[in-house]
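To keep things clear, I will list the structure first and then write my remarks on it.
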Amino acid sequence: MIETTAALTVNGLTRRFGAFTAVDQVDMTVSEGEIRAVIGPNGAGKTTLFNLLTGNLRATAGEIHLGGNTINGKRPHELAQHGLTRAFQTTNIFPSMTVHENVVTALLGVSRRTLRFWALAGERIEKRADEVLDLVGIYEQRNRQAGILAHGDQRALELAIALAPSPKILLLDEPTAGMSPYETQRSVELLRKIWRELKLTIILSEHDMDVVFGLAQQITVLVSGRVLADGAPTQVRSNPEVISAYLGGEDA
Amino acid sequence: MQPDVRTTLVTPPRRTRNISIVVVAVAALIVLALGPLVLSASLQFLMLTMIVYALFAVATNFLVGFSGLLSFGQAVFFGFGAYTAALLWTHGVPFWVGFIAAPFMAALVAAFVAVVSLRTSRLYFALLTLGFSQLAYEICDALYNFTGGETGIPGINIPNALSGNMANFEFVLLVAAVAALALYWVRRSSFGMALQAIRENPTRAEAVGIHIYWHHVLAYVIAGLVCGLAGVLYVVYQQQVSPSLLDWTTSGEPVLMAVLGGMGMYLGPAVGSFIYLFLQNYVGQFTVQWPLLVGAAVLILVIVYPRGFVGGLADAFGWIRRRLGAREMVAGEGSSP
Ligand SMILES: Nc1ncnc2c1ncn2[C@@H]1O[C@H](COP(=O)(O)OP(=O)(O)O)[C@@H](O)[C@H]1O
Ligand SMILES: [Mg+2]
């Protein structure tokens, strides 16, 4: 095996809702700078796993390490400040702010400037926000109210908000959900461009393996909360268990 | 294809809107400042009440409307500011010392209430603030020797320079205006953006690193400071205090004013204060049931027009502007913005 630094390690991570186990003994090691796809059908536990990673949910058992630190029990705002940000599956923006203000708020938040009740955002942050909007392709919309944007543009804004603080690890929960095949292809290209330019670690979830096949270096297949397979795309794709449990199921 | 960030930078339309708001606010301030020259003594007194309650309502709305924190206990800080100033001044503390110290004392109490109450859910928070309000009233009532109990403290002396009709009026107006401006600045600051973010989407706010609890505590302290200052101004023009200042109905009034004037606009609650006290003063002359009428008016407003009086005005202006814009376009203007 090649020696790489682990950006994120998950050991025996479990989350139960009552008697139901949504995430079951998940082990996962994400190397620095890789694109990891977590794939699985609806209800597999992808969002729950993400919620555990970002501190929106507490683990029933197991451990999460970010860099060298255990982050179990840390709150979402702390993890954001530690360089772990997230784009949600259902768009989570500030609807009555302008597009630009949305990104400025994200920049202010992670840099802990929001308790300054006298200071304005400042030129540097405003400019950085514009650069990110430009990167995701919605710069022209900067002065529009975020809530009235088209679905695709709101998804781009969701990405911009997560991306703006220059995270070490970016979590994207079904970034192409609700998109047409054309839009999906464009956002896959956008993600590849972002990854190449910013050199960050990306963990994304997806229910369609074909979408991430050319994008991810590592794929974790999740079924009923359990890891069914883990490895390089070609490896995962030819795994007989994956074929029967996941790919086969979808074709039927 | 991709726009250059520097060359395509457009002036936000917000700027132009802000300028017209500033013009209206300054004009209103000048008209108000003329009060002592044209109004009878009793009308001046009514107007001072309106101004002080306007500040009280604007500060309360900073929590209720802007931060989404339903506080029913703002009278605690209004009353605490007023009582602290009154007690300091009647015990020989110099005017300016009391004037500065009292709002900060109110802010300190606000910090305590916030740290305790904000740990609970939204509903319990609202109930707890109401509870603190009642507690403050009872304490004040019980400390008869100190606070004068139900009688309150009459005949408070203020410096001669501020006791003339004109000077008193202009001083209260100026301080209220400066405080309102300062609070507006806070609203526009990085902190203000975070408060708005939390109100609109707490999940997203947390996910970008905003610690909701401390932001709400700070918002509560700032609102407490300004409510305390409004209380001090109350003593400056009334020169007396009574425990009704601490009553829970006094906590409800700025919330009603905010709803009446429009919680979505910064100065909506100030306009609400003028409407509310006008109604109280004039409708109150004809019927003792006037709170019922105000209650009914607020209820109808909330159902029919939730954006309040100022929101309604803004919408009306927007409609007129659109009509004019449409006409211009017919005349050959071409593209719309
Ligand atoms: N808060 C919750 N309470 C109870 N069950 C939940 C909760 N959140 C998710 N689940 C259940 O956990 C399972 C996994 O859901 P989720 O993580 O959203 O899956 P995915 O994102 O892969 O579609 C589903 O069966 C869902 O119903
Ligand atoms: Mg999901």
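Nothing in this text is a laboratory measurement; each read-out follows from the coordinates by a stated rule. If you're wondering where the values come from, they're calculated on a predicted model, not measured in any experiment. Counting neighbours? That spans all protein chains shown, and the Cβs are built from the backbone with ideal geometry, glycine included.
Hey, what did chain A get for relative contact order, percent, Cα under 8 Å, at least 6 apart?
RCO, chain A: 27 percent.
Is the shape of chain A best called rounded, prolate or oblate, per the rule: a/c under 1.5 gives rounded, else a/b larger than b/c gives prolate, else oblate, with a ≥ b ≥ c the square roots of the Cα gyration tensor eigenvalues?
Prolate shape, in that a/c is at least 1.5 and a/b is the bigger ratio.
With Cβ to Cβ distances under 13 Å as the rule, what net charge do the other residues near B:Thr147 carry (K, R +1; D, E -1)? Walk me through the numbers on the way to the answer.
Working: positive: none; negative: B:Glu138, B:Asp141, B:Glu150.
Taking every Cβ under 13 Å from that of B:Thr147, the sum is -3.
Give the aspartates and glutamates whose C-alpha is closer than 14 Å to that of A:Lys199, dropping any in the same chain fewer than 8 places away, or say none.
Excluding near neighbours in sequence, the set is A:Glu32, A:Glu34.
Restricting to the protein assembly as shown, compute how many DSSP beta bridges are antiparallel as a %, nearest 5.
If we restrict to bridges inside the protein assembly as shown, about 55 percent are antiparallel.
Specify the angular offset, from 0 to 90 degrees and rounded to the nearest 10, of the alpha carbon long axis of helix A:151-163 from the longest principal axis of the alpha carbons in chain A.
Once rounded, the angle reads 90 degrees.
Arranged by the count of other C-beta atoms within 10 angstrom, fewest first, what order do B:Thr49, A:Thr105 take?
B:Thr49, A:Thr105
Over chain B, what is the relative contact order in whole percent, taking alpha-carbon pairs under 8 Å and six or more residues apart?
28
Using only Cα atoms and rounding to the nearest 10 degrees, what angle (0 to 90) does helix A:181-198 make with the longest principal axis of chain A?
Computed tilt is about 70 degrees.
With charges set only on the Cβ (+1 for Lys and Arg, -1 for Asp and Glu), what does the dipole of chain B come to about its Cα centre, in debye to the nearest 20?
The dipole magnitude comes to about 1060 debye.
Averaged over its residues, how many other protein chain Cβ atoms are within 10 Å of peptide A:89-98's Cβ atoms?
For peptide A:89-98, the averaged partner shielding equals 4.
Between the helical axis of A:123-136 and the dominant principal axis of chain A, each derived from Cα atoms, what acute angle in degrees is found, rounded to the nearest 10?
So the helix axis and the longest Cα principal axis differ by about 40 degrees.
On a C-alpha basis, how far is the centre of the stretch A:50-72 from the centre of the stretch B:95-124 in Å? Whole number, if you could?
36
Taking the beta-carbon count within 10 Å as an exposure proxy, list B:Trp214, B:Trp319 from fewest neighbours to most.
Exposure proxy ranking, most exposed first: B:Trp319, B:Trp214.
Taking the Cβ of each residue in B:Leu87, A:Leu159 as the centre, tally the other Cβ atoms inside 10 Å and list the residues starting with the fewest.
Taking fewest neighbouring Cβ atoms as first place, the list is B:Leu87, A:Leu159.
Near the amide H of A:Ala87, under 5 Å away, which other amide H atoms are found, from residues 5 or more places off or on another chain, if H is placed in the peptide plane?
A:Leu171, A:Leu172, A:Asp173
Suppose a student asked you for the relative contact order of the stretch A:1-137, using Cα pairs under 8 Å spaced at least 6 residues apart; what percent would you report?
Normalised by residue count, the contact order of the stretch A:1-137 is 19 percent.
Straight-line reach from A:Lys193: which lysines have Cα under 29 Å away, leaving out those fewer than 8 places along the same chain?
Answer for A:Lys193, where 29 Å is the Cα cut-off: A:Lys46, A:Lys127, A:Lys168, listed by chain and number.
Might you report the magnitude of the Cβ-based charge dipole of the stretch B:67-199 about its Cα centre, with Lys and Arg at +1 and Asp and Glu at -1, to the nearest 20 debye?
Its charge dipole is roughly 640 debye.
Given +1 on the Cβ of Lys and Arg, -1 on the Cβ of Asp and Glu, and no further charges, what dipole in debye does the protein assembly as shown carry about its Cα centre, rounded to the nearest 20?
For this selection, approximately 800 debye.
Applying a 10 Å radius around every beta-carbon, put A:135-146, A:175-186, B:247-258, B:93-104 in order of their mean neighbour count, most first.
B:247-258, A:135-146, B:93-104, A:175-186
Take peptide A:99-112, look around each residue's Cβ out to 10 angstrom, count Cβ atoms belonging to other protein chains, and average those counts.
Counting other chains' Cβ atoms within 10 Å and averaging over A:99-112 gives 5.
Using the Kyte-Doolittle scale, find the helices of chain B whose mean hydropathy is at least 1.0 and whose Cα atoms extend 24 Å or more along the helix's long axis, counting only whole DSSP H runs. Provide the component values of the computation, followed by the final result.
Numbers: long enough: B:13-33 (31 Å, 1.39); B:41-61 (30 Å, 1.63); B:95-117 (33 Å, 2.23); B:122-142 (30 Å, 0.83); B:165-188 (35 Å, 1.19); B:212-238 (38 Å, 1.49); B:268-286 (27 Å, 0.74); B:308-328 (30 Å, -0.03).
Counting only whole DSSP H runs, the qualifying helices are B:13-33, B:41-61, B:95-117, B:165-188, B:212-238.
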